[in-house]
Amino acid sequence: MTKRIEFGTILADPAWQFMNRTGKMAPEHRRLFRYPTMKLDEICALPVKNVAAAKSHLYLWVPNALIAEGLAVMKAWGFTYKGNIVWYKIRKDGGPDGRGVGFYFRNVTELVLFGTRGQLRTLPPGRRQVNIISTRKERHSKKPDGIYDIIEQCSPGPYLELFARHPRKGWVQWGNEVPSDPLLSVFGTSPKVAIHKHTQLELTE
């Protein structure tokens, strides 16, 4: 017997490709190569529509310089932008962490774009949740673990994480740095070799 699996909430931290791919903080810096990136059309083509429930939430990490691209991805995946959560990066003393980079300003924030598919409000705890996370920065591109707690309190499961970097109990995950769940074969073996097929994700019971 097969059953289509639909996720109530999706968290994604795409491997965005910046215009300047040789800068010291760029993921693909020649000497400091951190991870492969994907073009915008490749990210948009991921078959997220096939695994998202008709009423579902999307949390999409996006750099400040790529907000327009983030909104394009959200639309391509079938979601409508509703708001955002700000990650405010702080020092040990609580002040802004000015080590960030940026062409126009020194960035101390990153955004999580929040969108919905269908009419689906956040769960009751979400009505009390402020839209800011203030934590210290860890390694390059590592996002704060607190985002999981917020999502689990504010949005319905099952939970799917795309471009995952470390295991999280209770989540189905796909990414270069975690053992990707076999349920996600529709996405391919890793973000870099994603297979863009419009097929249903199925679980054999």
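The values are calculated or read from the model by the stated rules, or taken from the named source; none is laboratory data. Worth saying up front: this structure is predicted, and the values here are computed from it rather than measured. Heads up, the Cβs are rebuilt from the backbone with ideal geometry, glycines too, and the neighbour counts pull from every protein chain shown.
Key figures
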| read-out | value |
| --- | --- |
| Residue check, V178 part of a strand (DSSP E or B) and modelled with pLDDT of 60 or more | no |
| The range 60-83, subset touching a Lys or Arg at 6+ places or on another chain (Cβ under 8 Å) and under 17 Å from G8 (Cβ atoms), residue surrounded by the fewest Cβ atoms within 10 Å (Cβ to Cβ) | T80 |
| Qualifying residues in the range 148-166 (those that are aromatic (F, W, Y) and at pLDDT 95 or above) - the one surrounded by the most Cβ atoms within 10 Å (Cβ to Cβ) | Y159 |
| Qualifying position, being exposed (fewer than 14 other Cβ atoms within 10 Å of the Cβ) and closer than 29 Å to G8 by Cα, among R99, R117, R121, R106 | R121 |
| Some residue of the range 152-159 being assigned to a strand (DSSP E or B) and not small (G, A, S) | yes |
| Wholly enclosed strands (runs of 3 or more DSSP E) of the range 50-139 bearing at least 2 residues under 19 Å from I151 (Cα atoms) and aromatic (F, W, Y) | 52-62, 80-90 |
| Residue within the range 129-139 that is more than 17 Å from the chain's Cα centre (by Cα) and modelled with pLDDT of 95 or more present | yes |
